[in-house]
Amino acid sequence: MAIDTEKNSYTVIFAAVMVVVVGSLLAIVASVLRPNIQENERYEKQQNILYAMGVHENGDDKGSVHFIPTDRVEGEFKKYIKKQLVIEGSETTTDENAYLINIKKQLAAKKKGQPYKLPVFIGEKEGKKFYILPMYGKGLWDAIWGFVAVDETMTVQGVVFDHKGETPGLGANIKMRYFMDDFSGETILKGDRYAGISVIKGNNDPLNKTKDDNEIDALAGATITGNGVTAMIKETVNLYKPYLETIRVK
């Protein structure tokens, strides 16, 4: 008996079958690729933590960002990251896998009044210590995140930012080197107060020569994304303030 393909029922059944088939195929592909995806996420976190403390392969091009390649990043991570800590309430413990903690989930737990964990990474390079903190916030369209490295004087040694969906050529430029480099040398203190660093439009210091004003110049056309970066840094500084006070040189 011939199938009447003109009937609405045929269209509905065909669509349903296709949804099931395509969904099953996608689930299978996702399952097969999951180990590779998790491995890439692990490498990316290691690359970003190292980048914040100045371990990268950048050249003289101020617009280019060059992370440690994935085939070397695990070795470099073990070489430069000397200790990984987890802060949970008043307790601080060591955990060699602290970098795998999902800071987004921890901040969500905090907002719900649930227990949460804060990872800290202590790096050493050329006899200098770096304290690297993860950040997570909201840009114009979606999530923004990154890492900030400070020393015992609360001076920023480096940052790295990324985003999920900021506008290309505008807010998306938070991940460009010329923007991130401006944070180096800035202080997160204003006197004895933890002030963070603000991304300010028209701060009268476009070359960022003044390093004690807690400000850097904003990206053109990206005010809301810049505000998101400002809020993200301040929230991170406030979260980690009790720990930072234990390492701060006064």
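The values are calculated or read from the model by the stated rules, or taken from the named source; none is laboratory data. The structure presented is a predicted model; accordingly, all values stated were derived computationally and were not measured. No Cβ is skipped: glycine too gets one built from the backbone with ideal geometry, and neighbour counts run over all protein chains shown. The accessibility values were calculated without ligands, DNA or RNA, using every heavy atom of the protein model including side chains. Shrake-Rupley method; radii C 1.70, N 1.55, O 1.52, S 1.80 Å.
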How many residues of region 173-187 are more than 17 Å from ASN58 (Cα to Cα) and in contact with a strand residue (DSSP E or B) (Cβ under 6 Å, 6 or more places away or on another chain)? The answer is 2
Across (1) within 15 Å of GLY228 (Cβ to Cβ); (2) of a type outside the set (Asp, Glu); (3) in contact with a Gly (Cβ under 8 Å, 6 or more places away or on another chain), VAL160 clears everything bar (1)
Quick count over region 145-157, residues being closer than 18 Å to GLY228 by Cβ and touching a Leu at 6+ places or on another chain (Cβ under 8 Å), is 2
All-but-one check, PRO35 against (1) modelled with pLDDT of 95 or more; (2) assigned to a helix (DSSP H, G or I); (3) not hydrophobic (A, V, I, L, M, F, W, C), failing number (1)
Taking the conditions exactly as written (within 22 Å of ASP142 (Cβ to Cβ), open to solvent by less than 40 Å² (accessible area, probe 1.4 Å) and in a loop (DSSP other than H, G, I, E, B)), does GLY226 satisfy them or not?
no
| request: Say whether the condition of being open to solvent by 80 Å² or more (accessible area, probe 1.4 Å) and either within 19 Å of the chain's Cα centre (by Cα) or modelled with pLDDT of 80 or more (or both) is met by at least one residue in region 1-9. | output: no
With the first residue restricted to region 78-103 and required to be over 15 Å from ILE132 (Cβ atoms), and the second required to be assigned to a loop (DSSP other than H, G, I, E, B) and not β-branched (Val, Ile, Thr), Cβ contacts under 9 Å at 6 or more apart or on different chains are GLU88/PRO115; GLU88/TYR116; GLU88/LYS117; GLY89/PRO115; GLY89/TYR116
Scanning region 188-220 residue by residue, those crowded, with 21+ Cβ neighbours inside 10 Å and within 23 Å of HIS56 (Cβ to Cβ) turn out to be ILE188, ILE197, VAL199, ILE216, LEU219
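Kindly provide the set of residues from region 147-173 that are open to solvent by 40 Å² or more (accessible area, probe 1.4 Å) and outside any loop (DSSP other than H, G, I, E, B), ordered by number. Steps first, please.
Here is the first cut: in region 147-173, the ones open to solvent by 40 Å² or more (accessible area, probe 1.4 Å) are 152-153, 157, 164, 167-170.
Hit for region 147-173 is GLN157, nothing else.
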Scanning region 126-173 residue by residue, those farther than 11 Å from MET232 by Cβ, of a type in the set (Gly, Ala, Ser) and free of Cβ contacts under 8 Å to residues at least 60 places away in the same chain turn out to be GLY127, GLY165, GLY169, GLY171, ALA172
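Out of ASN238, ASN208, ASN204, which single residue is farther than 18 Å from ILE174 by Cβ, of a type in the set (S, T, N, Q) and at pLDDT below 95? Give the derivation first.
Numbers: ASN238 fails: at pLDDT below 95; ASN208 fails: farther than 18 Å from ILE174 by Cβ.
ASN204 is the lone residue from the list that is farther than 18 Å from ILE174 by Cβ, of a type in the set (S, T, N, Q) and at pLDDT below 95.
On the basis of being part of a loop (DSSP other than H, G, I, E, B) and without any contact (Cβ under 8 Å) to a residue 40 or more places away in the chain, does GLY202 make the cut?
Numbers: part of a loop (DSSP other than H, G, I, E, B): yes; without any contact (Cβ under 8 Å) to a residue 40 or more places away in the chain: yes.
The answer is yes for GLY202.
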